[in-house]
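The values are calculated or read from the model by the stated rules, or taken from the named source; none is laboratory data. What you see is a predicted model, and the numbers here were worked out from it, not measured in a lab. No Cβ is skipped: glycine too gets one built from the backbone with ideal geometry, and neighbour counts run over all protein chains shown.
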């Protein structure tokens, strides 16, 4: 890596906690982290063993700034793999600023976004997928997102991909050996065995790539569109789900013209509810624009809650749902609202074989718990806590490219292509899988990844 020397030769500093708390954490990493801290600290540190705490004061000459706790971490047993210090001080913005200014005057360099984790990667403490998981873990807003990020950070990808790469390297070595003895027409690799191994690896790559849709939804939240005719109770339902008067409720049809979005967490999964304009024909140009925007958001939602609030024939309901032009991958739940005002049973009985149905009252909240259960079940996240789920678009694209190369390699074996052509496809697979964990990468990729991190991490 071209910047490895530059990174390791400097000592960086940054706050590792957000402002406003009672305690602030200032982190230093680099060859002079311990010696530099000692210059401003009241206690000796240069001989201090790793993983020790020291109480004392930080002073700027004769001016005491704060009483602090200093944590000492010795290389390579630190987060970054370097000499590292963490200073716990009081959370005053003034104190934090003064300590940071003091440390920079003594030679520390302000850390760039993600630079601590980048150093951890460059020093072999984390692979690239684990480093990306650190950012995902910090940003997680639900139990599901937290679980995915934590599993990845603990090396779930690394273990899985290392196993696949080992098998591929075995195949590649046998094929390369054949190329070395090509004039003697010798086969070192059994073609049926190679085909079986490639098929096995292809199956695993497809499973990992196939988990992306679920992983992305769980990471970023499940988009749920609330659709239906005007005055079906969409805004009332949104308010009931989020527990506050977020959307305007009116008896006047067409009140909701702008999209209103709110998020809640159910069963550890974040759902992003979108209240859409009532679907109907209108001559009002502004309302019509809102309806078109609503249809667009409905088409991009993972779940669609379609509300009915008055008797309709099954054929009329089917026509309205067909007009939404939902894809096969979208989930629809039929909700019969205002159940106290009409008999919902006949319509529910007629349509329950097509979609999940539920009678409820958005106004009173009756049926709300059942709806929450339906929402959780519809996501279908039945994986075990340690199951691998792909949630990163970069990893997903690499897996797709690896899958395509594997398919070409298998086709080559089936058509008895030469070993050098098959070997080239296997090298492509190794390359694409290697980009996920960082065994193969570029400075541009690293800069792009770590620029998304927060300062101090």
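Could you tell me which of the residues 106, 97 is assigned by TED's automatic domain parsing to the domain that holds residue 68, without any contact (Cβ under 8 Å) to a residue 40 or more places away in the chain and surrounded by fewer than 23 Cβ atoms within 10 Å (Cβ to Cβ)? Spell out the reasoning first.
Values: 106 fails: without any contact (Cβ under 8 Å) to a residue 40 or more places away in the chain.
None of the other options fit; the residue is 97.
Among the residues of segment 410-443, count how many are farther than 30 Å from residue 118 by Cα and either in contact with a helix residue (DSSP H, G or I) (Cβ under 7 Å, 6 or more places away or on another chain) or assigned to a helix (DSSP H, G or I) (or both).
Total meeting the criteria: 12.
Restricting the search to segment 299-309, which residues are over 14 Å from residue 334 (Cβ atoms), touching a residue at least 40 places away in the same chain (Cβ under 8 Å) and surrounded by 13 or more Cβ atoms within 10 Å (Cβ to Cβ)?
Scanning segment 299-309 gives 301, 302.
Here is a list of conditions, (1) in contact (Cβ under 8 Å) with a residue 12 or more places away in the chain; (2) within 26 Å of residue 153 (Cα to Cα), and residue 75 meets all of them except one; can you say which number that is?
(1)
Can you name the number of the only condition in (1) farther than 30 Å from residue 329 by Cα; (2) touching a strand residue (DSSP E or B) at 6+ places or on another chain (Cβ under 6 Å) that residue 426 fails?
Failed condition: (2).
Would you mind telling me which numbered condition in (1) surrounded by fewer than 20 Cβ atoms within 10 Å (Cβ to Cβ); (2) modelled with pLDDT of 80 or more; (3) in contact with a helix residue (DSSP H, G or I) (Cβ under 9 Å, 6 or more places away or on another chain) residue 207 fails?
All conditions are met except number (3).
Which numbered condition trips up residue 90, out of (1) touching a strand residue (DSSP E or B) at 6+ places or on another chain (Cβ under 9 Å); (2) modelled with pLDDT under 90?
For residue 90, the failing item is (2).
Does residue 165 satisfy the condition of being farther than 17 Å from residue 392 by Cα, out of contact with any strand residue (DSSP E or B) (no Cβ under 9 Å at 6 or more places or on another chain) and either part of a helix (DSSP H, G or I) or touching a residue at least 60 places away in the same chain (Cβ under 8 Å) (or both)?
Against the criterion (farther than 17 Å from residue 392 by Cα, out of contact with any strand residue (DSSP E or B) (no Cβ under 9 Å at 6 or more places or on another chain) and either part of a helix (DSSP H, G or I) or touching a residue at least 60 places away in the same chain (Cβ under 8 Å) (or both)), residue 165 qualifies.
So residue 85 passes all but one of these: (1) more than 30 Å from the chain's Cα centre (by Cα); (2) assigned to a strand (DSSP E or B); (3) closer than 30 Å to residue 154 by Cα. Which condition number does it fail?
Status for residue 85: all satisfied but (1).
Considering only segment 131-145, state which residues are touching a residue at least 40 places away in the same chain (Cβ under 8 Å), part of a helix (DSSP H, G or I) and either under 16 Å from residue 211 (Cβ atoms) or touching a helix residue (DSSP H, G or I) at 6+ places or on another chain (Cβ under 9 Å) (or both).
131, 132, 134, 135, 136, 138, 144, 145
Go through segment 21-62 and count every residue that is touching a helix residue (DSSP H, G or I) at 6+ places or on another chain (Cβ under 8 Å) and not in a strand (DSSP E or B).
9
Go over the candidates 402, 398 one by one and state the one that is within 19 Å of residue 121 (Cβ to Cβ) and assigned by TED's automatic domain parsing to the domain that holds residue 203. Steps first, please.
Details: 402 fails: within 19 Å of residue 121 (Cβ to Cβ).
Every option except 398 fails the conditions.
Quick one: is residue 446 closer than 14 Å to residue 171 by Cα and part of a helix (DSSP H, G or I)? Explain how you work it out, then say what you get.
Details: closer than 14 Å to residue 171 by Cα: no; part of a helix (DSSP H, G or I): yes.
Spelling it out, it is not the case that residue 446 is closer than 14 Å to residue 171 by Cα and part of a helix (DSSP H, G or I).
Would you confirm, using the coordinates I've provided, whether residue 408 is under 18 Å from the mean Cα position of the chain (by Cα) and either assigned by TED's automatic domain parsing to the domain that holds residue 149 or closer than 22 Å to residue 203 by Cβ (or both)?
It is false that residue 408 is under 18 Å from the mean Cα position of the chain (by Cα) and either assigned by TED's automatic domain parsing to the domain that holds residue 149 or closer than 22 Å to residue 203 by Cβ (or both).
In this structure, does residue 153 turn out to be within 27 Å of residue 263 (Cβ to Cβ) and either crowded, with 23+ Cβ neighbours inside 10 Å or in contact with a helix residue (DSSP H, G or I) (Cβ under 6 Å, 6 or more places away or on another chain) (or both)?
Details: within 27 Å of residue 263 (Cβ to Cβ): yes; either crowded, with 23+ Cβ neighbours inside 10 Å or in contact with a helix residue (DSSP H, G or I) (Cβ under 6 Å, 6 or more places away or on another chain) (or both): yes.
Taking the combined requirement at face value, the residue satisfies it.
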